[in-house]
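Working notes, structure below.
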Amino acid sequence: MNERAKAILDFWFVQSSIEDWFKKNDKYDEKIKKLFFEDLKKAINNEYDEWQDTPEECLALVVVLDQFSRNLYRNSEKSFEQDYKSRLIVNEAIDRGFLEELSQTKIHFLLMPLIHSEDISDHEFGHKLIDIYLKNFEHYEKIKKAWNAHSIPIKKFGRYPHRNNILNRQSTDEEKKFLKKPNSSW
């Protein structure tokens, strides 16, 4: 595995905690910026496309495009600009059998772009895959609950209402009501 992909995976899966992954933390975002901003730019510019050829490097590419972009461009439309590319990479990884070669924690993050999608078919596909690959994972119930919660607004509105302001989309009255409920924004 190349050094940059290894550094990304070590940072994400060894040095970071579940709190780092899922809670807003400006210091953590700043750390990612310092260590990996250049990697994100290179990934965006297709300079890391060859990483798609092995499971671990492919996962590192998805972490950079899907997760680091959210940390580095938090509260900006740029945080979602790599979603389409990430999903293409994930679908290719699935077709190539990479899920068979990764640990369950890594599978969870490889599949994450599917639940970040605003396309219900990605959600449905993602749910099937976690039921197959993560059903024996110690965090399966938590993941299933979180993914179910993420699918609710997509089924109801065809999009994530909490992104509306960032993406300059007009919220409907129903979406505004929805956003006042718990588990409506991530």
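Just so you know, all these numbers are worked out from the coordinates, no wet-lab data involved. As the structure is a computational prediction, the values presented were derived from the model and not from experiment. When we count neighbours, we look across all protein chains shown, and the Cβ atoms used for this are built from the backbone with ideal geometry, even at glycine.
Pairs exceeding a 19 Å alpha-carbon distance, out of LYS6/LYS41; LYS155/LYS176; LYS156/LYS177; LYS24/LYS177: LYS24/LYS177.
Could the peptides 56-64, 178-186, 86-94, 35-43 be put in order, highest first, of the mean number of other beta-carbon atoms found within 10 Å of their residues? Write down the numbers at each step before the final one.
Values: 56-64: 24.4, 178-186: 12.2, 86-94: 19.4, 35-43: 17.6.
Ranked by mean Cβ neighbours within 10 Å, highest first: 56-64, 86-94, 35-43, 178-186.
Restricting to Cα pairs below 8 Å that are 6+ residues apart, what does the relative contact order work out to for the chain? Please round to a whole percent. Intermediate values should be presented prior to the final figure.
On the way: 161 pairs, mean separation 28.9, N = 186.
Averaging sequence separation for qualifying contacts and normalising by length gives 16 percent for the chain.
Paramagnetic label reach from THR105 (point 7 Å along Cα→Cβ; backbone nitrogen cut-off under 20 Å): within segment 133-149, residues 133-147. Taken about its Cα centre, the chain carries a charge dipole of about 1080 debye when Lys and Arg each add +1 at the Cβ and Asp and Glu each add -1 at the Cβ. Membrane-span-like helices in the chain, defined here as complete DSSP H runs extending at least 24 Å along the helix axis by their C-alpha atoms with mean Kyte-Doolittle hydropathy no lower than -1.0, are 140-157; this is a sequence and geometry rule, not a statement about a membrane.
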